[in-house]
Amino acid sequence: MRVVDLRGGGCGSAQGAPFLNRLRRAQGQLTGVIAMIEAGRDCKDVVTQLAAVSKALDRAGFKIVASGMRQCMTNTDENQAPMTEEELEKLFLALA
């Protein structure tokens, strides 16, 4: 299994801030959904907010995959072979 370090030049850097912000936003939305359920809010409202959480997580996932692809494409590590088309496809399908 290929490991992509998303901390350096990716997740942990200024470039990583956009999807970290998305994940934090989704975390806050999920906390809100839980509070809505505990308060007995209308099912339609809960599902609407849950859909927003799901969309936020999807977007963060796509950003992470894109960052990983960028890192793999520019990787100068001679000990690690470039990702195959099959590996890239599997990453994208994991989010589908």
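The values are calculated or read from the model by the stated rules, or taken from the named source; none is laboratory data. Fair warning: this is a prediction, and the values are worked out from it, not measured in the lab. Here the Cβ is made from the backbone with ideal geometry for all residues, glycine too, and neighbour counts use every protein chain on show. Side chains included, ligands, DNA and RNA excluded: accessible areas come from the protein's heavy atoms. Shrake-Rupley method; radii C 1.70, N 1.55, O 1.52, S 1.80 Å.
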Report yes if residue 33 is at pLDDT 75 or above, surrounded by 17 or more Cβ atoms within 10 Å (Cβ to Cβ) and not hydroxyl-bearing (Ser, Thr, Tyr), otherwise no. yes
Discussion item. Tell me whether the range 47-54 contains one or more residues that are touching a Leu at 6+ places or on another chain (Cβ under 7 Å) and not aromatic (Phe, Trp, Tyr).
Written reply: yes
Residue match in the range 64-79 (condition: out of contact with any Leu (no Cβ under 7 Å at 6 or more places or on another chain), over 27 Å from residue 93 (Cα atoms) and open to solvent by 80 Å² or more (accessible area, probe 1.4 Å)) = yes
